[in-house]
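S.K.: Attaching a single structure in structure tokens format; questions to follow.
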Amino acid sequence: RLQSLGIKVVQPVLATAMALEGALRYPTFFDLLVNHDQDNIDVSEVTLSNTRLAGTPLRQLRLPGDVLIISLQRDESVIVPHGDTVLKSGDCIGLIGSPLALAQATTLLRG
């Protein structure tokens, strides 16, 4: 019922198991996501609402140099993006980069 309202339902036992698996398999990346020990790198998500960018291949985006697109969620699918991936309005874009570059990229993608 909660999911039909758009509310994420979290199962604590499953979430804990997934976190432990992530920490063991990918310790450096896990530390980056969880601890934020480094001030010069962060992760973020932004929904594409800049209609001028819809239909644009990623390789043509003018993103700041210190940011990378690491994931793209479209509808119910997660896409591993590449240069030929074409943006659509409403795409949820996963970013990694410096805080300043993330802020600039977010401004661009939101319009």
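The values are calculated or read from the model by the stated rules, or taken from the named source; none is laboratory data. Please read these numbers as outputs of a predicted model, since none were measured by experiment. Neighbour counts run over all protein chains shown; Cβ positions are idealised from the backbone, glycine included.
S.K.: What tally of residues in region 7-30 results from selecting those that are surrounded by 10 or more Cβ atoms within 10 Å (Cβ to Cβ) and out of contact with any Phe, Trp or Tyr (no Cβ under 9 Å at 6 or more places or on another chain)?
M.R.: Total meeting the criteria: 10.
S.K.: Here is a follow-up. Can you go through Ser4, Ser44, Ser77, Ser98 and tell me which one is exposed (fewer than 11 other Cβ atoms within 10 Å of the Cβ), of a type in the set (S, T, N, Q) and within 14 Å of the chain's Cα centre (by Cα)?
M.R.: None of the other options fit; the residue is Ser77.
S.K.: Are any residues in region 65-111 of a type outside the set (A, V, I, L, M), within 16 Å of Ala54 (Cβ to Cβ), touching a strand residue (DSSP E or B) at 6+ places or on another chain (Cβ under 6 Å) and in a strand (DSSP E or B), and if so, which ones?
M.R.: Result: Gln73, Cys92.
S.K.: Sort through Asp75, Asp66, Asp39 and tell me the only one that's in contact with a helix residue (DSSP H, G or I) (Cβ under 7 Å, 6 or more places away or on another chain) and at pLDDT below 95.
M.R.: Asp66
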